[in-house]
Every structure is written in structure tokens, then in C-alpha cells.
Amino acid sequence: MLKIEIKSKTYSNDIVLKNLELEITEPGLYGLIGKNGQGKTTLFKCALGLEKYEGKSYLGKEKVSLINTAFCPAEPILYDELTTEEFNKFYAKLFMLEPSKDYLFDLPKDKLIKQFSTGMKKKTYLNALFQKDFLVYFLDEPFNGLDIEANYILLNYLKEKSKTSIIIISSHIIDVLYKNCKGIYMLKNNKTTYFNHLEFDQLEIAFFNNQS
Amino acid sequence: MYYIISSLITIRFRKHISRNDKTASALVVLLFLAVALICYSKFNEIGLYFYLLFLDPILYQQKRNDLELLKIRKNYKWILFVEYIIYTFPYLIVLIIKQKYYGLILVLMVNFIVIHIPKLQMKNIKYPFDLFNPHWHITFRNYKIILWFPLLLVLSFMGIKHQNPNIQNFVLLIIAIIICIPSFERERIEEIKYHSNNSKNYLKSQFINSLINTSFIIVPIAVFILFNTFNLLISSLILVVYVLPLVNIISKYAFFHHPIKQQLFLVFMIVSLGIPILSLPFLLNKALKNLNEIKNVENRN
């Protein structure tokens, strides 16, 4: 069970998240939506311990961390002076695994990452990250920058993975979330509201409702 | 002529000098003239090293990005040739005054040849380094560190030829400093957190990585040097080549959030011939503490 409790998270004097609770008990694909600046990325980072906050985040009895949870930021930072093969090997060493033999996306092995487009860089990062099987995946706008084929491949991969892992995708592409997610968390006014797949028709009303 | 020189300086040093900054441009010209003047006055002492100044246009030719633009003009090669003559004009005058006509002709011929041969395609060199710390690959590619090694090999050979062990010592010291360069770079916090081992084992893995990668570099050079000049001091310096980067790794994590302190510590280590090594147990403790803090960002409660 994944349980995230954020009592308070502030940047300078601005409260970004307050009294937020998120609990997921079974594997599946879950969406996270919210306007820009509502704190979607901050939520992920707090849960992972990449940002200091008041609260706690647990996966079963263990703290949520990058050991049990994968994190793909909206704009992954890579090392420009490595090739994809070297980047994959580096991450394999971090995960204490042998480098994978098959990767989700085909990429040139010998070109330096600095020669890649935005989409190719994202594919590189996802290839490296998916070498390890995690219990939880936090994916911050994973479809941004990917071409149609890559989006299709990624979505199918995530649907397969969601049979055994909890996958939370933050995205602005609401149709993708409607079609594929078990439930969607809406982040608004520092808090989350959960809508299961039967309640998706209420989500838009709640999202555009200006009352807090 | 003023317009040509001013344009050339503006284009070549555009990352360092603002446009229309006449003072800065004048300083650049004065620098070239000053170097030429010094070389002229010390010409006999400098000897053949004077010709190293003519490497400047050759290196510039290899890394410039505007050749494709220049190729629009049919006579671009002559434009480049004249440009390089302008850059090296003060030094060419020195050669003329010193009546080194053969040297002058050689320099002009080399410039002519370099302009006509295709740009050296520095393909990605596949380094054999262990990738637990990717900064070995990154720094060697970024700073083209591998270009130093032929020079160090030549120096080493000169030391053997002139039976001057100080040159060997100098070469080994330079190699020790070069090998420390990757450990000045910082990995990302996420990367430390992804590693499932505890801080002690993480640091141990960094040490092993450093020893393996140092061996790739130092073993062939050490074999070459020791084969020709075996003495105790050189053998102990080879040990320093292994130990200095390990100390640098400890100070990196001890001063993880203060890179300047790490640099100062290394300088102090070298200058004081290793006395700060006495503080190593304390630094090791601090390094482990920092790694623990990074791996577990503390809850404010």
C-alpha cells in the first residue's frame, strides 16, 4: 500500500501543499492532474524525499524512496557527453544490475546524448530507468516530447507494468488518463481529490469549479 | 587594416569580449604583441618552444564552427590563410628579424596544409572506464584530456633521454592531478539515492571505480617509466597517483555542498606534501555523514 501524507510543504512563505493525503492499495495506473503550479511535481519530490516537507510517505512498512520507486521528471537531466549505451550501463550500475539486453525504445548506441532531440533524450532516460522493476512509478508528464509511436509503446508498457506496480502519471492529456486509468487524483488548492473511473464525468466540473 | 583586425578579434573572441569594446580588443592585440616581444628578447633561451605559438591557428582551425559559412566564398581557403597570418603576424616578424627563414617557410607551409586537409573528425573515443562514476567519460570528452597524454609521454621520454628524474616526477604529479579531475564533478542527488547500498558501501564502490580507472591510465605509463628508470621515489609517486584521487573522493563527499573547499583542500595537500592527510579520519566521517543525509532527507518533524 502506498500512503503519502503531506501536512505542509512551503516554498519561502508560499504554501504549496497542505493536509494532502493519497492512499493507493492496489496496483494499477493512476492519473494526477492539476493546473500549472498546483504542486504535482512537488508532490512527487516530497514523497521521494527529494524535497523537505512535513509529513510521511510509506510503501508498506518502508519509506518511499528512489530504491523502491522510479521517478521520471518532466525534463529528465542526462549527461550530454555519454552515449545511450554508456548511460544505460551507468544506471544499471546504480541499480546494481546487469545492463538490460532489450530496451523499450530503439536509439543509436554510439551517438552522444547531446546530439539527440528532446524526445530522444526522454527515450534514453526511460530506457535506463526501466531496466529495474519498481513497485511504484512516479511519471511526471511522460508523454511530453515523445512521438506518436513512442507514446503508443510507452502506454502499452505501462499498462502491462500496472498489473503488478502502482503507476502514477501526471499529465495534461486528459483523454489518455480517462481511457487507461483506474482513478485520477485532482490536485487543486493544495489538496487532492480522488475520482475513480466511474466518477470521471464529475472531474471536469470539479476542476473548473472556481469555488475552493 | 584596423577594421579587419577589429572584426577578426570580435568574431574569434566573441564569447569573451563584448562587441565594440575597443579597450578589450586593444588588450587582446597588446597581449599578442607582448608575447612576441618577450619571445624576441628571450629567443635563444626559448629555442624551439617558440614554434608552439604557431599551434594556435591549427587548434583554432580544428574547433571553429564557421567553416561551412566561409565555404560560400570560392576563395575561402585564401581568406583563412591570410587570417592565420594576421593572428601570427607578430611572431612571424620575430622569425624574420631573427633570420629564421626556414622556420618561417615551415610555419607558412603547415598553415597552408592544415587549411586544405579536412577537419579532424574527433570521433567519440570509447573509453574503457568503469561507469559507476560516469564523470571519467564526461571529463575526458569535455576537456579532451586524452590530448595531454602524448605530451606527457614525450616529456617522459625526454626525462629518460637526458637522465633527468625530475621530469618523470613532474609527469607523474601531472597525471595524479589529471586523474583527480573526475572526482571534482558532482553526481546528482537522485543518483546517490537510487543506489540501494548504504553510504559506506557507496563510498567503497567509488574507491573501487577510481582504482580501476586509474589503473587503465597509469599502468602503461608506469611500465614505460619503470622499465627505463627504476628508483624508489618514482615508485612512491606511482602510489601517490593512486592515493590522491581516493583522498579527493573523500574530500568531495566531505565538502559535497562546497566544491571550492574541496579544491582548496587538494591544493593544500599538494603544496604541503600531504600533511592534511592527518585529517582524513575526520573527513571520512564527515563524508559518510553527508552521504547519509543525502540518502535520507530528514523529515522536519
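The values are calculated or read from the model by the stated rules, or taken from the named source; none is laboratory data. From a predicted model like this one, the values you see are computed outputs, not experimental measurements. Because the Cβ atoms are built from the backbone with ideal geometry, glycine has one as well, and the counts that use them run over all protein chains shown. For accessibility, only protein heavy atoms count, side chains too; no ligands or nucleic acids. Shrake-Rupley method; radii C 1.70, N 1.55, O 1.52, S 1.80 Å.
Details
- Inter-label distance for B:Asn285 and B:Phe227, nm, one decimal - labels placed 7 Å from Cα along Cα-to-Cβ: 4.7
- The range A:1-46 and the range A:65-137 have Cα centres spaced 25 Å apart.
- Over chain B: helical MRE at 222 nm, DSSP H runs n ≥ 4 each giving -39500 (n - 2.57), nearest 500: -22500 deg cm²/dmol
- Cut-off 19 Å, label 7 Å out along Cα→Cβ of B:Met1, residues of the range B:35-56 by amide N: B:35-37
- Proximal lysine pairs, the range B:1-121, alpha carbons under 19 Å, eight or more residues apart or interchain: 9
- For the range B:137-257, the dipole from Cβ point charges (+1 on Lys and Arg, -1 on Asp and Glu) about the Cα centre works out to 80 debye, to the nearest 20.
- Accessible area buried between chains A and B, both sides summed, probe 1.4 Å, in Å² to nearest 100: 2900
- Residues within the reach of a label modelled at B:Leu264 (point 7 angstrom out along Cα to beta-carbon, backbone nitrogen below 19 Å), restricted to the range B:152-196, are B:184-185.
- Accessible area per residue in Å² at 1.4 Å probe, computed on the protein assembly as shown: 56
- Cβ-Cβ FRET estimate between A:Asn19 and A:Lys61, R0 fixed at 35 Å, reported to 0.05: 0.90
- Counting 0.36 nm for each residue step from B:Leu31 to B:Asn201 and taking away their Cα separation leaves a gain of 56.1 nm.
- The range A:179-212 residues near the modelled A:Phe143 label - backbone nitrogen below 12 Å, point 7 Å along Cα→Cβ: A:179-181
- Cα-based convex hull volume of the range B:61-191 per residue, rounded to whole Å³: 189
- Partner aspartates and glutamates for A:Lys101 [C-alpha distance under 20 Å; skip if fewer than 8 residues away on the same chain]: A:Glu85, A:Glu86, A:Asp110, A:Asp133, A:Glu160, B:Asp130
- Compactness of the protein assembly as shown as Cα Rg over 2.2 N^0.38 Å, two decimals: 1.24
- Label sites at A:Ala206 and B:Phe43, each approximated as a point 7 angstrom past Cα along Cα to Cβ, lie 8.7 nm apart.
- Cross-link reach list, lysines versus B:Lys252, counting only Cα pairs under 24 Å and skipping chain neighbours closer than eight places: A:Lys52, A:Lys89, A:Lys93, B:Lys144, B:Lys193, B:Lys200, B:Lys204, B:Lys261, B:Lys286, B:Lys289, B:Lys295
- Measuring nothing but how far apart in sequence close Cα pairs (under 8 Å, 6+ apart) lie, relative to its length, chain B scores a relative contact order of 14 percent.
- Residues of the range B:124-140 that bury at least 10 Å² of accessible area when the other protein chains are present, relative to the chain alone (probe 1.4 Å, heavy atoms, ligands and nucleic acids excluded): B:Asn124, B:Lys126, B:Asp130, B:Leu131, B:Phe132, B:Pro134, B:His135, B:His137, B:Ile138.
- Inter-label distance, nm, simple model (7 Å from Cα along the C-beta direction), A:Glu54/B:Leu55: 6.1
- Complex-versus-alone comparison for the range B:174-220, residues with a loss of 10 Å² or more in accessible area, probe 1.4 Å: B:Arg188, B:Glu190, B:Glu191, B:Lys193, B:Tyr194, B:His195, B:Ser196, B:Asn197
- Relative contact order [Cα under 8 Å, 6+ residues apart], the range B:123-301, whole percent: 26
- Those residues of the range A:50-78 for which accessible area with every protein chain present is at least 20 Å² below the isolated value (1.4 Å probe): A:Leu50, A:Lys52, A:Tyr53, A:Glu54, A:Gly55, A:Lys63, A:Leu66, A:Ile67, A:Ile77
- Measuring nothing but protein heavy atoms, the accessible surface of the protein assembly as shown at 1.4 Å probe radius is 61 percent carbon and sulfur.
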